[in-house]
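Accompanying notes for the structure given below.
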Amino acid sequence: MRMRSQWPAIVGYSLVGAATQLVWLNFAGVTTVAADHYNVSESAIGWLAQVFPLLYVVLAIPCGLLLDRWFRPALIAGAVLTALGALVRLIGDDFSWLLAGQILASIAQPLVLNAVTGITGRYLSEKDRPTGIAVGTASIFAGMVIAFLLSAIFTTASSLPTMLWITAIFCVLAALVLTLVIRRPGPFDPAHPPVLRAYFADAPLTPQEPPTDPQAAPGAAHVPATAPTDAPPAFSGSTPPNRPDRGALAAAWGDPLIRRLCVLALFPFGVFVAMSTFAQALLEPAGVSGGTASTILLVNVIAGVLGSAIIPILVVRRQAESTLLVISLTATAAACVLLALAPGVLTGFVAITLIGLLLLPALPIVLELVERRTGEAEGTAAGLIWMSGNLGGLIVAVVVGLLVDHPPAAFLVMAAIALIAVPGARALRRPIAELRSQSRP
């Protein structure tokens, strides 16, 4: 009995993933205009975005545990909170309502982003999951592009309310679509009873269907198609199916591969966040205007969206995950050195676009490895990855921010941070090969 992938669930998730980023970065391109309009400082407007990574570090693990225990209700709650956050910002034309809406949406973000591996694992067949993770991750970056485009269109104080209304409508529609398409459990959810599995497979439930409990029938040696067959020993038997608790966190962090991936995530996330935050200030002494720097960053994210949607699929098919991570980190370091030695408009476009194209696809590759490794505790493990990445972004951004008046030193620091991670990426070859062998029937 062959069950079919349910791609509408990935479409609904992608819309909500984009919505979280749209709310997060609404004011990234209009910081000065927004500060004047709401009569606050530019740093206060900056906090409308900074509250997201700060709360993510705090909420990543609790939200991962919620997703592992109540996946669909938790994900729908994330979508609804994102929409509510966008709507709250419309209540009053002052900064306090903006901040209240941002806090609501920032609470929702871990519930949505941590679910990228869970939605693919429950609604897509194994062969489609790398593609699903790539699409879901690319949609997150696409939300950034939409935010930058809106801020480029609505550049005046009088047009800011229109931008907020468009964002709110998008978020509400995304939440409605997601709620509709995941109203039923996914066909590959390990908690499915046999009747639902037969329904999704478009096949009648016959007496010959294997029992859900392998020990229920003498000699029943095979496991049902919906059972995770590639989970590592650390996860088997630690908690009842779909009922993980804090033991899932201990099991996830106790897995050597998950720990390595968490440590590795610190570096590419850190460099990307620091580059996105300070590129304009670091390139300004070389004669790069603010408008040009914004265009460079927009092209950077667009390249990242395309790279995240295409590169991970090709890499997984060719079993070259470790090689791609090594190449992306090395190329990022070389691009940062180029910016340190010869900053300018042309080098800025070339170097920062290359960073987006090669560095951002590292995220879906890492998340696909997490999905294959963790089985039923993928929400907790994905939360660890996202938490590590956001923590790395905060740390590297702070370090680079201290060097913002010394651009060559700041770029060289980012190059060094990328190079530090190269040995760790190379060392993943053996664990990934072992994981691949465990996944084979």
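The values are calculated or read from the model by the stated rules, or taken from the named source; none is laboratory data. Just so you know, these numbers come straight off a predicted model, no measurement behind them. Cβ: placed from backbone, ideal geometry, glycine included. Neighbour counts: every protein chain shown.
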Check the range 270-286 and report whether any residue there is of a type outside the set (D, E, K, R), surrounded by fewer than 19 Cβ atoms within 10 Å (Cβ to Cβ) and over 20 Å from GLY46 (Cα atoms). yes
Go through the range 1-23 residue by residue and tally those that are among the aromatic types (Phe, Trp, Tyr) and either buried (at least 24 other Cβ atoms within 10 Å of the Cβ) or in contact with a Cys (Cβ under 9 Å, 6 or more places away or on another chain) (or both). 1
Would you point out which residue out of ALA415, ALA410, ALA425, ALA397 is closer than 19 Å to PRO256 by Cβ, of a type in the set (A, V, I, L, M) and outside the structural domain of PHE52 (by TED's automatic domain parsing)? ALA425
Can you tell me which residue among GLY344, GLY304, GLY356, GLY383 is outside the structural domain of ARG69 (by TED's automatic domain parsing) and either over 24 Å from ALA147 (Cβ atoms) or surrounded by fewer than 24 Cβ atoms within 10 Å (Cβ to Cβ) (or both)? GLY344
Among the residues of the range 281-293, write down those that are modelled with pLDDT of 75 or more and not in a loop (DSSP other than H, G, I, E, B). ALA281, LEU282, LEU283, GLU284, PRO285, ALA286, THR292, ALA293
Select from the range 51-105 the residues that are more than 29 Å from ARG122 (Cα to Cα), charged (D, E, K, R) and modelled with pLDDT of 90 or more and list them in ascending order. ARG89
Could you count how many residues in the range 31-48 are in contact with a helix residue (DSSP H, G or I) (Cβ under 6 Å, 6 or more places away or on another chain), aliphatic (A, V, I, L, M) and surrounded by fewer than 22 Cβ atoms within 10 Å (Cβ to Cβ)? 3
Would you pick out the residues in the range 420-429 that are in contact with a helix residue (DSSP H, G or I) (Cβ under 7 Å, 6 or more places away or on another chain) and either part of a helix (DSSP H, G or I) or surrounded by fewer than 20 Cβ atoms within 10 Å (Cβ to Cβ) (or both)? ILE420, VAL422, GLY424, ALA425, ARG426, ARG429
Single match in ALA28, ALA108 (criterion: crowded, with 18+ Cβ neighbours inside 10 Å and at pLDDT below 85): ALA28
Which of (1) more than 23 Å from GLY344 (Cβ to Cβ); (2) crowded, with 18+ Cβ neighbours inside 10 Å does ALA415 not meet, given it meets every other one? (1)
Selected residue [more than 18 Å from the chain's Cα centre (by Cα) and buried (at least 21 other Cβ atoms within 10 Å of the Cβ)] from ALA79, ALA60, ALA86: ALA86
Residues that are modelled with pLDDT of 90 or more, at least 2 per element: which helices (runs of 4 or more DSSP H) completely within the range 317-419 meet that? 321-341, 345-359
